[in-house]
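Enquirer: Can you read through this structure? Questions will come right after.
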């Protein structure tokens, strides 16, 4: 057997008196203490403690920060690792520790794989919590935010995460939000940012708009306690619906790269459906007694029910409703009162000056031309149950076959009958005629698609299956120019206005002459003014009168700034682009290679980021923006151990219970056995864990390994700190192995070779077995690193390898292979446990050889090749191939008289005897490297 190995790297080791472990005493020179030892290594290896190892390497990483090199100057391929940046709430929680451990492991692994890794960090530092803190504590929100950032930044460094802090950003910095404002203006120029009325939560006491999270479950304001109202205010929107087709269909390109359930959630939120867009002719009575005709577009997926249309309904934001409200005070009063109506109301307002005509009833003349529309007898209502911004903001009301339409018809036209147009096929192929709804059930007949048919109310289409009827009805209406195929998306435009202070100011000026005018690019950023926050009186920015008063960028007349700020989702929709900017535009780092974050952002944040990135792709023509995140990793939440009294439901603090190891827990005061569960960490349940305390107590390596080992990345992690002891034992065993290997490395460094004394007889087989174990470990850990979701199995593989090496000695496998095994173990565990592995490596090779700069092991390094015991010898006669001598001894060419030996071997064969028996041999030429023989004859 022969083994493929590689040379050991050199470097200095720690100063110590070297005793060759379990071997013949080495030459006297190895007992000499070397004078060139490092100041960082003057203590015996086993004496340095975990806190000291952490402090040492955290200091090293702080002094030698890892920064991304521009691709124009680096020969390494770039790789962009990004974790969702945090809101600076004041302290990290265990969820933060989990996601940033994962991203740091990926970044360190990719660095060892030879990539130029970008691993940045920043802060989502605008938002409501800072504003609330400023109101409650009387502090500046910027100061409160900056203090929290410094605290959390220290915690991130404490966990050993090597972020590129040279690219750190804060969304509340003018340097950043000037870019957010520029993005808004670009969208505005393209017609994708617009202003329209929208319902908001209104606190009538504090006279301010509330976010949804500020409204209690009972519908009251979290601060004033007043009953929250809903009212219409002018709000800014991004027209995300225009990009809905792309956002839906581009998801196909992400399959296999994003989790399936995230793609499904995105699909459901966008909500694509296929249907028809149908024109209903309108006749509108004018104030002077005349009338004019128009058309109303509606969207429907059930064209087979068109004969059952008994009314049309418009949303309160439909352009016609907005127009008629200007001249109809009763309509305006109805619209204004909608926020006071109960949820799910079926109230309606009949537009007395508008009537509609069902286009399917239009008749055709003998020459094929359409006759004028007949009786305009369909009433048109304004109805709160019709959603604005969804489809055409108008629906055709079919009371017989839609529950919401039926409820609305019953409330607004109770005396009018319900017209059924579809019957259903019964069990024995008989037609089941629907019954009029009863007051008992109040349910309408819901027709199916495949087993339902049009009844006699449908004229020439009566008796057709619903599917066939739909097709024929569409063909008829399309020919008349009254219908087109259409798709509708459930997604609604993105409302970005916030009537709050701590956010990006909207760069729009309102002028009495020019209307809404964008701020000029050279005047960006529009900075936030200094004001005292009270939490009352609508938008806080209205209080800053000097800031509000300005001049129109277009005409120069007096004007006012917009006093809304932007939703913080706008900031996070492009921050990853800012991180990836390079001085050379050719080296734009988009898209992000791997994006890591919580599944709670699976819909809105990712959707908005995709919308902005796609907009930039269209704007710039740069295909790298098409989809912002090449691969998405979503980690599960961290749950804490929770103790709860089963009788009272009271949550207990950990120090209020006695826990029997591996058994139940009891209330110390009542001696009642309590329920033990794992739930989302919160202060009210006393189940939170301080990450910093955990790191200080157990060390960063054991904590990181425990986080990864306890559950697959995508699963919920039930945090049980008591189990960290398993990781501590593993790391202690690794240190022992490194100490053994250090002796072997020191002996080699001192003498120039490895000792071959007292090596076991079966060392070749043992070494081969170890090499196979190393190859298996490299394959397993590498696979887990690439997959990311299975990082827990990487730690299992590392434990298996550690135990295997721990069960052998350098004498059994040979010192060179033993050292190789320990080196490989340290490399494989380096991304997960960077401090202890780096410390072990430095003790073996000295401070000039950094573990994190070593190459990641490859499987091929550990291949064990079987050596053949025999070879085939090719025989030529006078330069031409004649025969092959099969299965000859491997050392055939070492024969004393090889020419004579080969000649005899050839003569032993039937073909050789025929060729050579009557010929005189001049010479026998041996080509050992090719196992070839050429016999020259006369």
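The values are calculated or read from the model by the stated rules, or taken from the named source; none is laboratory data. What you see is a predicted model; the values in this text were computed from it and never measured. When we count neighbours, we look across all protein chains shown, and the Cβ atoms used for this are built from the backbone with ideal geometry, even at glycine.
Enquirer: Residue check, residue 676 against (1) outside any strand (DSSP E or B); (2) surrounded by fewer than 16 Cβ atoms within 10 Å (Cβ to Cβ); (3) within 38 Å of the chain's Cα centre (by Cα), all met but one. Which one?
Expert: The failed condition is (1).
Enquirer: Taking the condition of being in contact (Cβ under 8 Å) with a residue 12 or more places away in the chain and either out of contact with any helix residue (DSSP H, G or I) (no Cβ under 9 Å at 6 or more places or on another chain) or farther than 22 Å from residue 569 by Cα (or both), how many residues in region 201-224 meet it?
Expert: The qualifying residues number 12.
Enquirer: For region 526-542, what are the residues that are outside any loop (DSSP other than H, G, I, E, B) and touching a strand residue (DSSP E or B) at 6+ places or on another chain (Cβ under 8 Å)?
Expert: 541
Enquirer: Give me a count of the residues in region 322-363 that are over 25 Å from residue 303 (Cα atoms), crowded, with 19+ Cβ neighbours inside 10 Å and in contact (Cβ under 8 Å) with a residue 40 or more places away in the chain.
Expert: 3
Enquirer: Suppose the filter is at pLDDT below 90 and in contact with a helix residue (DSSP H, G or I) (Cβ under 9 Å, 6 or more places away or on another chain); does residue 847 pass it?
Expert: It is true that residue 847 is at pLDDT below 90 and in contact with a helix residue (DSSP H, G or I) (Cβ under 9 Å, 6 or more places away or on another chain).
Enquirer: Can you work out which of the residues in region 916-929 that are modelled with pLDDT under 80 and part of a helix (DSSP H, G or I) is surrounded by the most Cβ atoms within 10 Å (Cβ to Cβ)?
Expert: It comes out as 928.
Enquirer: Now for a separate question. Given the conditions (1) in a strand (DSSP E or B); (2) touching a helix residue (DSSP H, G or I) at 6+ places or on another chain (Cβ under 9 Å), which single one is not true for residue 269?
Expert: (1)
Enquirer: Something else about it: Look through 118, 97, 128 and report the one residue that is surrounded by 21 or more Cβ atoms within 10 Å (Cβ to Cβ), at pLDDT below 95 and in contact with a helix residue (DSSP H, G or I) (Cβ under 9 Å, 6 or more places away or on another chain).
Expert: 97
Enquirer: In region 494-525, how many residues are in a loop (DSSP other than H, G, I, E, B) and either under 29 Å from the mean Cα position of the chain (by Cα) or without any contact (Cβ under 8 Å) to a residue 24 or more places away in the chain (or both)?
Expert: Qualifying residue count for the region: 6.
Enquirer: Still on this structure, please answer the following. In region 583-599, what residues are farther than 17 Å from residue 102 by Cα and either surrounded by 17 or more Cβ atoms within 10 Å (Cβ to Cβ) or within 10 Å of the chain's Cα centre (by Cα) (or both)?
Expert: 589, 590, 591
Enquirer: From the residues in region 36-55 that are at pLDDT 90 or above and surrounded by fewer than 16 Cβ atoms within 10 Å (Cβ to Cβ), which one is farthest from residue 104 (Cα to Cα)?
Expert: Selected residue: 49.
Enquirer: Does residue 193 satisfy the condition of being surrounded by 17 or more Cβ atoms within 10 Å (Cβ to Cβ), in contact with a helix residue (DSSP H, G or I) (Cβ under 6 Å, 6 or more places away or on another chain) and closer than 23 Å to residue 507 by Cα?
Expert: So residue 193 passes the test.
Enquirer: Which of the following residues is more than 30 Å from residue 109 (Cβ to Cβ), touching a residue at least 24 places away in the same chain (Cβ under 8 Å) and either surrounded by 17 or more Cβ atoms within 10 Å (Cβ to Cβ) or assigned by TED's automatic domain parsing to the domain that holds residue 730 (or both): 822, 877, 898?
Expert: Only one candidate qualifies: 877.
Enquirer: Looking only at residues that are modelled with pLDDT under 75 and within 25 Å of residue 800 (Cα to Cα) in region 751-772, which one is surrounded by the fewest Cβ atoms within 10 Å (Cβ to Cβ)?
Expert: Filtering first and then ranking leaves 762.
Enquirer: Could I ask something else about it? Only one of 453, 474 is modelled with pLDDT of 90 or more, assigned by TED's automatic domain parsing to the domain that holds residue 365 and part of a strand (DSSP E or B). Can you tell me which?
Expert: 453 is the lone residue from the list that is modelled with pLDDT of 90 or more, assigned by TED's automatic domain parsing to the domain that holds residue 365 and part of a strand (DSSP E or B).
Enquirer: Quick check on this structure: which one of 659, 689 is touching a strand residue (DSSP E or B) at 6+ places or on another chain (Cβ under 9 Å) and under 30 Å from residue 56 (Cβ atoms)?
Expert: 689
Enquirer: Could you please give the count of residues in region 275-309 that are within 16 Å of residue 477 (Cα to Cα) and part of a strand (DSSP E or B)?
Expert: Adding up the residues that qualify gives 13.
Enquirer: If you don't mind, another one. Can you find a residue in region 364-372 that is surrounded by 14 or more Cβ atoms within 10 Å (Cβ to Cβ) and either closer than 26 Å to residue 414 by Cβ or at pLDDT 85 or above (or both)?
Expert: No.
Enquirer: Out of region 803-830, which residues are at pLDDT below 95 and part of a loop (DSSP other than H, G, I, E, B)?
Expert: Within region 803-830, 807, 808, 809, 814 meet the criteria.
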